[in-house]
Amino acid sequence: MQLPNFLSVFTGMFLILNIANAQETNFKLDEFKTTDYDRSKLDLQLDLYQSFNSRNYKYVGYNNDRDSDDEYLRLNFNGRLSFLKNLSERKKISSFGGDLYLYENISHISNEDQSYFNDKNTEQIFKSNSAEAKLNGFYDSDFYYSEKNKNFITYGGELNWHMDYTDRFEEDDSVIVDFNVFNPYRNINVSAYIGHGHGRIEYVEDAVEAIYILNELIESGYLVRDLFENDIKQLADRITLLNNERYYDFRLFRKKTIKELAALLVHEGLIDENNVDVYNTIADYHYYANMHVRQSGQRLKYFLSPFLDKRNIMQNEYDRHDSNTGISAAVSYVNFKSINVKWQRDFGINLSASKYKGSSEYIYKTRDNTKSEHDVMEYNGYVYYNIGYYPTTRSYLNISSSIRSRFVSDDFQTETELESSARLSFGGYYYFSERLRFNANLNFNYYLTDYSKSKESSINYITRERNEFYQNLSATLTYFIF
């Protein structure tokens, strides 16, 4: 595992952060306290998604040492209906929502395999068509009980359902052979949690919008007096209150928003009355700029979470039914900092230990069925560091790096895995109207993974090292229902 390479990535990200700190404005976004924040949205998305990834495996074990190279080229057509509500009040911060995904996937896969056991090379080319559906919902809530709103009780839950159907074909001398058909794969996962925490996360994107509006008015020469920090806060608070309201008739919402924001600027003596250019500036940033959800603050949570996971995999020769039921204990720490309107820094660490009872049943069509049960202990760790850069209100760049570890032990075997990753993302937006937006996004990812598994004897020991490069390009059309 080439961890030093990823340590250098972290070091470079810290240097970028220092440059961003040097550019910080007078208004401290990371100290901004949100007025009662009540934001909800219902979106419909249509997505065209292309991805390419190249993987190299070095595999040792089971008397079958080999190298394997895979290349995947995928094209996805996705539809998504999404609802989200975020609420931030003095004594309670909560969010809940749900998504319905529909996918159509076309894949082209090539594989080259070199076995050192029998000195044999094989090459295969596959094609597959798949259809997927996903449905999920969640609820998270932090209830603050201390005088300074720093300590809270946390609780929530999540439900996920997933099904897919895949036809897979092999190309052999220009003849396509249907060698395997995966009938519907179904998975359902239910979990809940309760725990305790310290700290608080604030939403600050409305303050970012206020700064953009006021800076534009300064540059255009429309501000008639000096700008003070309290002016930014008052405008941000009014933006928050207006965004808390929901109108199905968008014309009424637009009229009220521009009228009230302009009236506030006049009342505070920042602009002269009846200035059409000021109205256009407000409309441009409030309706045609994509203000990313920006957060600032830090929070520590520790909680217990019971869970149930069931999955069915139906193959040509058998059906497989897996079930896991158990409980996990976890601790999570996040630290978000909105450095200024253009820079965001996020850091997080998650640690968990889970104990669960698992069972696997194979129902064969031509021979006796088999069933096994096992008690499992699983430990997971995850740490990430992320820097976001927003050069304009319609574009962004994101750099992130992470390290993930996993250890699993049951009655028959142990597994260990360590993965490092780095990611670079670019994105841009274009608004056709207040409710219809086009988004293009380009991602580059690189992964290094070490994996090992051992059973009762040393003969049943395997190791695998994976190097993977992953690229994807997506084009998304989003309609904001409300």
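Of all residues in the stretch 399-414, one or more are among the basic types (Lys, Arg) and touching a Gly at 6+ places or on another chain (Cβ under 9 Å).
Each row is one residue, and each column tells you yes or no for (1) under 23 Å from Asp140 (Cα atoms); (2) at pLDDT 95 or above; (3) touching a His at 6+ places or on another chain (Cβ under 8 Å).
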{"residue": "Leu261", "(1), (2), (3)": "no, no, yes"}
{"residue": "Val266", "(1), (2), (3)": "no, no, no"}
{"residue": "Val276", "(1), (2), (3)": "no, no, no"}
{"residue": "Ser323", "(1), (2), (3)": "no, no, no"}
{"residue": "Ile327", "(1), (2), (3)": "yes, yes, no"}
{"residue": "Asn340", "(1), (2), (3)": "no, no, no"}
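Restricting the first member to the stretch 386-409 and to residues that are in contact (Cβ under 8 Å) with a residue 24 or more places away in the chain, and the second to residues that are of a type in the set (Gly, Ala, Ser) and not in a strand (DSSP E or B), the beta-carbon pairs closer than 6 Å and six or more apart or on different chains are Thr393/Ala289. Selection of the stretch 378-404 for residues being over 19 Å from Asn290 (Cα atoms) and of a type outside the set (A, V, I, L, M, F, W, C) yields Glu378, Tyr379, Asn380, Gly381, Tyr382, Tyr384, Tyr385, Asn386, Ser400, Ser401, Ser402, Arg404.
Answer yes if at least one residue in the stretch 362-372 is of a type in the set (A, V, I, L, M, F, W, C), surrounded by 15 or more Cβ atoms within 10 Å (Cβ to Cβ) and either in the same structural domain as Val408 (by TED's automatic domain parsing) or touching a Leu at 6+ places or on another chain (Cβ under 7 Å) (or both), and no otherwise. No; the residues of the stretch 362-372 include none that is of a type in the set (A, V, I, L, M, F, W, C), surrounded by 15 or more Cβ atoms within 10 Å (Cβ to Cβ) and either in the same structural domain as Val408 (by TED's automatic domain parsing) or touching a Leu at 6+ places or on another chain (Cβ under 7 Å) (or both). Scanning the stretch 293-310 for residues that are surrounded by 16 or more Cβ atoms within 10 Å (Cβ to Cβ) and either at pLDDT below 90 or part of a loop (DSSP other than H, G, I, E, B) (or both) turns up just one, Arg294.
Just one of the listed residues (Leu84, Leu73, Leu102) is in the same structural domain as Leu473 (by TED's automatic domain parsing), surrounded by fewer than 16 Cβ atoms within 10 Å (Cβ to Cβ), hydrophobic (A, V, I, L, M, F, W, C) and out of contact with any His (no Cβ under 9 Å at 6 or more places or on another chain), and it is Leu102.
Scanning the stretch 221-260 for residues that are surrounded by fewer than 13 Cβ atoms within 10 Å (Cβ to Cβ) and assigned to a helix (DSSP H, G or I) yields Glu229, Asn230, Arg251, Leu252, Lys255, Lys259. Checking each residue in the stretch 261-289 for being in a helix (DSSP H, G or I), touching a Ser or Thr at 6+ places or on another chain (Cβ under 9 Å) and among the hydroxyl-bearing types (Ser, Thr, Tyr) picks out Thr281, Tyr285, Tyr287.
Looking only at residues of the stretch 342-375 that are small (Gly, Ala, Ser) and over 26 Å from the mean Cα position of the chain (by Cα), we find that the one that is nearest to Ser400 (Cα to Cα) is Gly358.
Within the stretch 366-385, the presence of at least one residue that is farther than 30 Å from Asn439 by Cβ, assigned to a loop (DSSP other than H, G, I, E, B) and of a type in the set (D, E, K, R) is confirmed. How many residues are more than 27 Å from the chain's Cα centre (by Cα) and not acidic (Asp, Glu) when one looks only at the stretch 237-254? Residues flagged as more than 27 Å from the chain's Cα centre (by Cα) and not acidic (Asp, Glu) within the stretch 237-254 amount to 10. Quick check on Ser452: is it free of Cβ contacts under 8 Å to residues at least 24 places away in the same chain and buried (at least 16 other Cβ atoms within 10 Å of the Cβ)? No: the conditions fail for Ser452.
The values are calculated or read from the model by the stated rules, or taken from the named source; none is laboratory data. Since the structure is predicted, the reported quantities are computational estimates derived from the model, not experimental observations. Counting neighbours? That spans all protein chains shown, and the Cβs are built from the backbone with ideal geometry, glycine included.
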